[in-house]
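*Asks:* Below you will find the structure I want to go over with you.
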Amino acid sequence: MLNPLDLFSPSYEVARRRFRDAARAAGATLEQHPVDTGEAGGDLTIDVATVGGREPSWAVVVSSGVHGVEGFFGSAIQLAWLSGQTAGEPPPGDGAVVLIHAVNPYGFARLRRTNEQNVDLNRNFLDTADAYTGAPDGYETLDPFLNPASPPSPFEPFRLKALWHIRRHGLPALKDAVAGGQYRFPRGLFFGGHGPASSTRIMRQHLAGWLGGAPRAMHVDLHSGLGAHGRYRLLLEESAPSPNVEWYRDTFGSDVVEPLATAGGTSYAATGTLGGWALTHLGDTRYRFVCAEVGTHSILRVLGALRAENRAHVFGRPGSGAHQRAKAELLECFCPRSDRWRARVIEQGLAIIERAVRSQRIG
Ligand SMILES: [Zn+2]
């Protein structure tokens, strides 16, 4: 296998080319689905590589870049797995491994967490048109703090302002307000869209087909930016206690599996997630889903980076120092440059995929 540090690509274009080359070398079948960004030019595609049989008895799905810029990390793990195949790792046998590269290629290419319409795709998988409305209690109050109508300034006391809000409303309230997804402020953070995005439509249309009729499947959706530096958690769409949750704990270890908070709990229930959609709509398949979330920096630093990048995107001048600083900090918050972090997440990512494969082989 390649040196883990060489698996990280400097741009979406390079990551996409390497993914496609590695897939061919591993004997995978390849598909590409252009995402309609409303802009001319650019090769922004969701690429899907399948390694394994035509009528597989199980499938493991690994997706990257639902949150654009997080693709730098997810793509590196997918590339690590593919190069392992070329280097003689055991192939999936009677199963299939389906790698979905860059679900949000626009955000990957432009260093954004959201897509071409500022949509957080993991809040965009809603079933009815009238579900794309509303905002959590408290978002409106926080809107002037989260989404100031000016470019970012290095002199602004963001940390102080954030701490003031946390003191006043508590961290759970802030988390609820910002991370639950909102459908009212199209230029604001955590916007879930006014309808299904192009990437969402592609995923909905093809995900069942990519499974090749497999009766059981395990989906690992790769994310970064939340949690302790270099540590991962597997977030479930299901809440405990349930036999399903026990299955995940047995498969991946109870220390890393985090069930969905139950109603009335302190955590938020996000709507419109990819996992929630897959679990309800792939009824012919026994579908399992985890959102693998790897921590990078503190929640305040990540929130500050998201806020500054959004301001730079909406109000800044591309190419300006402030714009470039905001992009660089966002990248650092979702794919840190630290060699240790990078080597560690590759090892963890491969271990998660290996456990997923083993769990499906057994049946
Ligand atoms: Zn994410």
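The values are calculated or read from the model by the stated rules, or taken from the named source; none is laboratory data. Just so you know, these numbers come straight off a predicted model, no measurement behind them. Cβ sites come from the backbone with ideal geometry, for glycine too, and all protein chains shown count toward neighbours. Ligands, DNA and RNA are excluded from the accessible area calculation, which covers all protein heavy atoms including side chains. Shrake-Rupley method; radii C 1.70, N 1.55, O 1.52, S 1.80 Å.
*Asks:* Give the residue, chosen from V60, V66, that is under 18 Å from G295 (Cα atoms) and of a type in the set (A, V, I, L, M).
*Replies:* It is V66.
*Asks:* Restricting the search to the range 190-211, which residues are of a type outside the set (S, T, N, Q) and more than 16 Å from the ligand (Cβ to nearest atom)?
*Replies:* Answer for the range 190-211, where residues must be of a type outside the set (S, T, N, Q) and more than 16 Å from the ligand (Cβ to nearest atom): H194, G195, P196, R201, I202, R204, H206, L207, A208, G209, W210, L211.
*Asks:* Could you count how many residues in the range 173-208 are assigned to a helix (DSSP H, G or I) and surrounded by fewer than 17 Cβ atoms within 10 Å (Cβ to Cβ)?
*Replies:* Taking the range 173-208 as the starting set, the residues that turn out to be assigned to a helix (DSSP H, G or I) are 173-179, 198-208.
Still in the list and also surrounded by fewer than 17 Cβ atoms within 10 Å (Cβ to Cβ): 201, 204-206.
Selection size over the range 173-208: 4.
*Asks:* List, please: which pairs have Cβ atoms under 8 Å, are six or more places apart or on different chains, and start with a residue in the range 102-129 that is under 12 Å from S64 (Cα atoms) and end with one that is of a type in the set (F, W, Y) and open to solvent by 10 Å² or more (accessible area, probe 1.4 Å)?
*Replies:* What qualifies is F108/F72.
*Asks:* Moving on to the next point. Here is a check on your reading of the model: is S83 modelled with pLDDT of 85 or more, over 13 Å from the mean Cα position of the chain (by Cα), open to solvent by less than 40 Å² (accessible area, probe 1.4 Å) and of a type outside the set (V, I, T)?
*Replies:* On the way: modelled with pLDDT of 85 or more: yes; over 13 Å from the mean Cα position of the chain (by Cα): yes; open to solvent by less than 40 Å² (accessible area, probe 1.4 Å): yes; of a type outside the set (V, I, T): yes.
In short, yes.
*Asks:* Among all residue pairs at least 6 apart or on different chains, which show Cβ distances below 7 Å where the first residue, located in the range 62-83, is within 14 Å of the ligand (Cβ to nearest atom) and the second is among the charged types (D, E, K, R) and open to solvent by less than 10 Å² (accessible area, probe 1.4 Å)?
*Replies:* Close Cβ pairs satisfying both conditions: S63/D221; V66/D221; G68/R112; V69/R112.
*Asks:* Would you point out the residue of the range 309-337, among those that are hydrophobic (A, V, I, L, M, F, W, C) and closer than 24 Å to S75 by Cβ, that is nearest to the ligand (Cβ to nearest atom)?
*Replies:* Selected residue: F334.
*Asks:* In this structure, does L303 turn out to be within 29 Å of L5 (Cβ to Cβ) and in a helix (DSSP H, G or I)?
*Replies:* Numbers: within 29 Å of L5 (Cβ to Cβ): yes; in a helix (DSSP H, G or I): yes.
Yes; evaluated as a whole, the condition is true for this residue.
*Asks:* Determine, yes or no, whether A214 is away from the ligand (no atom under 15 Å from the Cβ), in contact (Cβ under 8 Å) with a residue 12 or more places away in the chain and out of contact with any Ser or Thr (no Cβ under 8 Å at 6 or more places or on another chain).
*Replies:* In short, no.
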